[in-house]
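Comments concern the structure below.
Each value in this text was obtained by applying a stated rule to the coordinates, not by laboratory testing. Values in this document were obtained by computation on a predicted structure and should not be read as measured data. Here the Cβ positions follow ideal geometry from the backbone for every residue, glycine too, while neighbour counts run over all protein chains shown.
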Amino acid sequence: MIHWKKQYTIFVQVSAFSIVLFSCDVARPYTTSQTVPDSLYGETGADSSKNMAVLSWKEIFKDPLLQDLISEGIANNLDLKTAAANLKAAEANFVQSKQAFLPSLSGNASAGAYDPSSSQASASQIYQLYALSSWQVDIWGKLKSTKRSMYATYLASEAYQQAVQTQLIANIAVTYYQLLAYDEQLNIVQQSLDVYSKDTETMKILKNSNVVTGAAVVQSAANYYAVKSTVPDIKNNIRQSENTMALLLGRTPGPVKRDAIFNEQVYSELSVGVPAQLLANRPDVKEAELQLRSNFEQINVARTAFYPALTITGQAGLYATQLNSFFNAGAFFANIVGGLVQPIFNNGLNKQKLKVAQANYEAAEYNYSKVLLTAGQEVSNALYQYQMVEEKFSSRKEQIANLEKAVYFTKELLKYTSATNYTDVLTSEQSLLSARQSAVTDKLQQLQAVVNLYAALGGGWK
């Protein structure tokens with residue numbers, strides 16, 4: 001057994017050798033050629049001074065009932081809770097990667113019979129109590145790269161959680177507005193049914209007065225039942241949307257408290273900033289960029305496998321054959337050993353790991369580019385949708401006003417003159433119903449465009 005002081009001298013020599021080797025770090029610093037083009041939003045004008053993504057969702061959605069639903073969803077949504085759990089796992093991996101720089105330490109105690117030679121008739125008793133430590137010296141930066149990779153993965157998991165919240169808020173808002181639209185459509189249909197029912201009675205009176213024929217009566221009744229047949233579909237849409245909302249909120253199906261669609265205030269101060277802000281505001285873009293970093297560091301880790309690994313191990317403890325001498329000075333022993341292991345041939349595993357890491361990085365580059373392009377497309381689509389709906393409002397308002405007059409005039413003409421017939425009445429009524437439903441769709445599209453733009457810019461998680 002080598003004396004512990006001599007072992008200490010060896011340890012110092014090995015440590016000095018490792019310090020020299022530290023200057024040969026093979027890990028490369030992270031660099032990327034990925035950029036955010038200024039034209040990412042297409043022809044959409046960008047305002048570098050403002051970006052609605054930095055606003056709280058409470059500033060975008062003013063309806064208190066909708067705010068309550070969003071708050072409930074953030075607290076109870078199962079996808080968001082799953083993302084939070086995954087974030088905890090990523091944090092644990094990162095913490096472990098930092099602790100890998102520290103030496104391992106284990107203890108052992110034993111007592112047992114020992115047969116020093118097969119010729120002896122009796123065996124001796126030995127007692128051992130010792131600690132064993134091992135330290136992997138990070139010569140080539142393997143542990144540093146692993147830590148950086150785990151940290152990037154942790155941040156990516158955090159960004160994913162933020163992305164889930166952004167999408168959750170958007171889904172709740174869109175579903176809420178869709179419910180309001182179905183409510184209004186049902187209201188319009190029910191109002192129309194009251195009108196069509198009265199029309200049928202009027203047609204019966206006019207038939208008895210020989211103003212119209214029996215065909216007008218049955219056609220009016222058919223029009224009434226045609227509209228009535230749409231009621232079950234609308235009610236089914238309402239129920240399914242309520243169930244969708246319940247799932248988003250993490251609750252069992254049930255009614256959803258809500259307002260009326262034409263009471264909704266539309267956030268009109270739209271501002272998209274510049275495309276480069278997506279890296280700070282849009283969580284899925286951040287996540288893709290962080291995954292790129294993590295994969296880059298994995299390439300560094302794979303490179304270190306081609307170089308020798310230095311491990312320093314040490315033992316210290318007590319060893320005796322009798323308990324009464326166990327704690328004597330002579331029972332103490334200690335040793336320190338440093339060893340270098342150089343890979344020579346391991347069936348091509350190191351090359352395989354490097355190629356896989358490089359391929360994963362390449363795939364991450366493509367994914368980042370796709371996520372960025374998708375984000376730009378979504379911003380452009382949402383902003384253009386809002387602008388197009390704005391253009392329709394004045395025309396739709398005039399269309400409804402003129403159709404209301406057309407319905408009134410054709411009914412009056414049918415009663416008192418022969419200048420029109422029952423088909424003109426039915427046609428004008430059907431056109432008015434369609435226009436009123438289209439107005440609801442216009443309002444829904446406007447509200448959804450704001451939601452989509454806010455989500456596309458990365459709003460909702462701050």
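A few comments on the model shown:
- Ordering of 282-289, 81-88, 67-74 by packing [mean C-beta count within 10 Å, highest first]: 282-289, 67-74, 81-88
- Alpha carbon convex hull of the chain, volume per residue in cubic angstrom: 261 Å³
- Degrees between helix 349-416 axis and first principal axis of the chain (Cα, 0 to 90, nearest 10): 10 degrees
- Rounded to the nearest 10 degrees, the inclination of helix 78-99 to the longest alpha-carbon principal axis of the chain is 20 degrees.
- Cβ-based net charge around A222, under 13 Å, with every Lys or Arg adding one and every Asp or Glu removing one: -1
- Set K207/K415; K58/K88; K142/K351 screened for pairs whose C-alpha atoms are more than 19 Å apart: K58/K88
- For a label point 7 Å along the Cα-to-beta-carbon line of K50, residues of the stretch 267-287 with backbone N under 19 Å: 267-278, 281
- Placing a pseudo-label 7 Å from each Cα along the Cα-to-Cβ vector at T313 and S431 gives an inter-label distance of 9.3 nm.
- Cα gyration tensor shape for the stretch 345-462, rounded if a/c is under 1.5, else prolate or oblate: prolate
- Extension gain from E72 to E390, taking 0.36 nm per residue of separation minus the Cα-Cα distance: 111.3 nm
- Computed lengthening from Y366 to T423, 0.36 nm per intervening residue step minus Cα-Cα distance: 14.5 nm
- Protection proxy ranking for 156-167, 29-40, 384-395, using the average of other Cβ atoms within 10 Å per residue and placing the highest first: 156-167, 384-395, 29-40.
- Note on N187 and N210: the model spin-label points, each 7 Å out from Cα along the C-beta direction, lie 4.6 nm apart.
- Computed over the stretch 236-388, the percent of Cα pairs more than 19 Å apart is 78.
- Computed E for A221/N402 - FRET, C-beta separation, R0 35 angstrom, nearest 0.05: 0.85
- The stretch 208-260, Rg to Rh (Cα coordinates; Rh as Kirkwood inverse mean 1/r): 1.38
- When each of the peptides 258-266, 442-450 is scored by how many other beta carbons lie within 10 Å of its residues on average, the order from highest to lowest is 442-450, 258-266.
- When the Cα positions of I126, Y267, L290 are compared along the charge dipole of the chain, I126 comes out farthest toward the positive end, with charges on each C-beta of Lys, Arg, Asp and Glu.
- Sorted into 5 angstrom bins from 0, the C-alpha pair distances of the stretch 355-405 split as 4, 17, 11, 10, 10, 8, 9, 6, 6, 5, 4, 3, 3, 1, 0 percent.
- Taking the stretch 130-287 and dividing mean pair separation by its residue count, relative contact order in percent (alpha carbons under 8 Å, at least six apart): 33 percent
- Once the Cα atoms are used to define both axes, helix 283-304 deviates from the longest principal axis of the chain by about 20 degrees.
- Convex hull (Cα only) mean projected area of the stretch 118-217, reported in nm² to one decimal: 22.1 nm²
- Length-normalised contact order of the stretch 397-462 in % [C-alpha pairs under 8 Å, at least 6 apart]: 30 percent
- Here the dipole of the chain is about 1300 debye; that uses its Cα centre as origin and unit charges on the Cβ of Lys and Arg (positive) and Asp and Glu (negative).
- The residue list T321, M150, G339 was ranked by how far each Cα lies along the charge dipole of the chain toward its positive end, using unit charges on Cβ atoms, and T321 comes out on top.
- Dipole magnitude for the stretch 296-418: about 240 debye, using +1 per Lys or Arg Cβ and -1 per Asp or Glu Cβ, origin at the Cα centre.
- Computed label-point distance, nm, for sites E59 and Q377 using a 7 Å Cα→Cβ extension: 3.0 nm
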